[in-house]
């Protein structure tokens with residue numbers, strides 16, 4: 001049985017110039033018979049605007065470990081749903097499979113583990129006539145692989161967080177100085 005019980009990771013990969021394709025997945029990895037598996041199963045239901053789906057590479061090609069994609073933003077249009085269930089789903093599935101191929105995720109445990117991936121797609125992507133699907137794929141693929149690696153390596157470490165406490169600031173908050 002896997003000793004991966006509850007691992008979390010996140011990553012941000014920025015868009016190409018002029019695109020809204022930043023990717024910021026938050027990953028939860030653990031055993032199917034543990035807390036992550038229970039969360040995974042309880043998230044299988046749908047709620048308005050938050051369609052969840054498995055990461056598949058193509059029809060009949062669901063990746064292992066089973067990966068549930070959950071949108072961070074309410075999906076308000078079919079165009080947004082198509083991005084989530086198209087380009088981003090492909091990127092997520094490929095990142096999970098390549099993480100197994102590269103040995104980041106243990107191949108002998110793929111049926112004992114599951115992944116919940118909280119996925120960000122900027123709502124502007126759904127209406128952007130110049131959307132670069134290749135860049136949307138790239139950012140989500142790279143960020144998902146990085147988030148998986150960080151989860152399994154417990155990154156950042158507490159020492160890194162403490163060392164950077166007064167050096168690194170949140171991108172969207174500037175405290176009064």
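Every number here is computed from the coordinates shown, using simple stated rules; none is lab data. Everything quoted here is computed from the prediction, not taken from an experiment. Cβ sites come from the backbone with ideal geometry, for glycine too, and all protein chains shown count toward neighbours.
Brief remarks follow.
- Between the range 116-177 and the range 48-70, the alpha-carbon center distance in angstrom: 20 Å
- Estimated 222 nm signal from helices in the chain, with DSSP H stretches of n ≥ 4 weighted -39500 (n - 2.57), rounded to 500: -9000 deg cm²/dmol
- Computed Rg/Rh of the range 30-113, alpha carbon atoms with Kirkwood Rh: 0.99
- Peptides 22-34, 52-64 ranked from most to least packed by the mean count of surrounding Cβ atoms within 10 Å: 22-34, 52-64.
- DSSP beta bridge pairing in the chain, given as percent antiparallel to the nearest 5: 70 percent
- A simple spin-label model places pseudo-atoms 7 Å from Cα toward Cβ; at residue 127 and residue 10 they are separated by 2.7 nm.
- Set against the 2.2 N^0.38 Å expectation for a compact globular protein, the chain has a Cα radius of gyration ratio of 1.05.
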